[in-house]
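All remarks here apply to the structure that follows.
The values are calculated or read from the model by the stated rules, or taken from the named source; none is laboratory data. Only a predicted model underlies this, so the values are computations on that prediction, with no experimental measurement involved. All Cβ positions, even for glycine, are placed from backbone atoms using ideal geometry, and neighbour counts span all protein chains on display.
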């Protein structure tokens with residue numbers, strides 16, 4: 001028979017704690033669903049708070065390192081999860097927690113995890129890279145608009161764009177903007193506008209919505225179609241907290257459809273004011289430049305060298321005449337030297353030429369035989385009957401050897 005504790009014979013703290021632990025151990029393992037209000041990893045272990053989905057009740061979670069390494073999903077604060085574990089009571093500290101053996105995302109958490117993995121995949125392929133984004137045209141002549149029929153988003157875009165630039169032209173394609181078939185219709189509209197050479201920029205607009213309504217704008221096929229488009233794309237889904245993946249791949253993300261119109265179309269009044277300012281700045285710069293150049297020109301004209309320019313000629317006239325005379329003398333000397341050299345070369349050439357040799361009484365004898373001619377230098381080269389041609393200074397003498 002168990003003795004009931006009394007004031008005179010109270011239980012020890014250890015006994016109470018061990019009793020609580022024993023009772024809790026009988027519960028065994030359990031599956032629990034809730035929201036992670038905190039999630040931290042320290043020393044390789046994860047510590048978290050799991051809050052009831054309907055009531056303000058929380059439970060501490062502990063995920064030991066060995067269990068954490070086996071989990072296939074990543075978790076963070078705000079995730080909705082289903083946890084499998086065992087209630088544990090720490091005797092020394094008197095704290096209660098759920099030791100996690102398995103944990104997975106539940107409901108919306110599964111969708112978030114899928115979107116996270118898709119975003120990581122597309123980012124790894126470079127679809128979200130800033131360097132691949134195209135600049136928007138300064139003044140688009142035709143804007144492609146993809147939005148819901150008779151939607152506030154369409155009205156906001158058109159009204160604000162036309163207020164800023166009345167001459168702007170739209171080519172609008174109405175599609176579903178939530179629910180089944182949305183991604184397919186938006187892709188078809190995007191391909192149609194992208195193939196139109198007159199469309200300079202494409203706006204995909206929707207007036208916000210909850211997470212589930214925005215899911216079609218995170219569809220992988222739609223994101224890839226937007227990345228492949230040659231025309232710049234503006235995403236104006238209009239939701240700050242749950243940004244669809246279309247925002248990441250678009251060349252420009254606008255916070256609202258109104259913001260999209262302001263970012264795509266310049267304001268006429270602002271541009272006219274800018275032109276006025278630039279013209280005023282240009283006029284001032286030109287005026288300042290002319291004044292400075294006039295001042296410098298006046299300063300140059302006031303200098304003695306320009307006030308009386310003839311002194312330059314007078315100063316260097318005598319030197320110029322001296323140099324001219326010296327140049328004439330040098331040229332005459334070079335001509336005389338050249339004439340002497342020419343006469344000497346002429347004499348040497350005459351003395352060494354064959355004609356000079358002939359004048360001294362020599363002759364050149366050529367033998368003619370069988371239509372061939374050869375110079376005769378000794379008697380052995382000729383025989384009786386050979387025809388000879390003897391060249392002297394004033395002609396030739398024809399002879400025959402006897």
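Can residue 127 be described as touching a residue at least 24 places away in the same chain (Cβ under 8 Å), closer than 29 Å to residue 220 by Cβ and in a loop (DSSP other than H, G, I, E, B)?
yes
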- Return the pairs, sorted by first residue and then second, in which the second residue is part of a strand (DSSP E or B) and modelled with pLDDT of 90 or more, the first residue lies in region 233-247 and is at positive phi, the beta carbons are less than 9 Å apart, and the residues are 6+ apart or on different chains. 238/205
- Task: Output yes when any residue across region 183-205 is over 32 Å from the mean Cα position of the chain (by Cα) and either at negative phi or loosely packed, with under 15 Cβ neighbours inside 10 Å (or both), and no when none is.
- Result: no
- Query: Consider residue 85 against the criteria (1) within 24 Å of residue 116 (Cα to Cα); (2) modelled with pLDDT of 85 or more: it satisfies all of them except one. Which criterion is unmet?
  - Reply: (1)
- Is it the case that some residue within region 19-33 is closer than 24 Å to residue 117 by Cα and either in a loop (DSSP other than H, G, I, E, B) or within 57 Å of the chain's Cα centre (by Cα) (or both)? yes
- Criterion (buried (at least 18 other Cβ atoms within 10 Å of the Cβ), in the same structural domain as residue 41 (by TED's automatic domain parsing) and either over 30 Å from residue 181 (Cα atoms) or in contact with a helix residue (DSSP H, G or I) (Cβ under 6 Å, 6 or more places away or on another chain) (or both)) met by exactly one of 59, 98, 68: 98
- Within region 34-51, how many residues are in a strand (DSSP E or B) and touching a helix residue (DSSP H, G or I) at 6+ places or on another chain (Cβ under 7 Å)? 2
- What number goes with the only condition from (1) part of a loop (DSSP other than H, G, I, E, B); (2) in contact (Cβ under 8 Å) with a residue 60 or more places away in the chain; (3) within 30 Å of residue 219 (Cα to Cα) that residue 266 does not pass? (3)
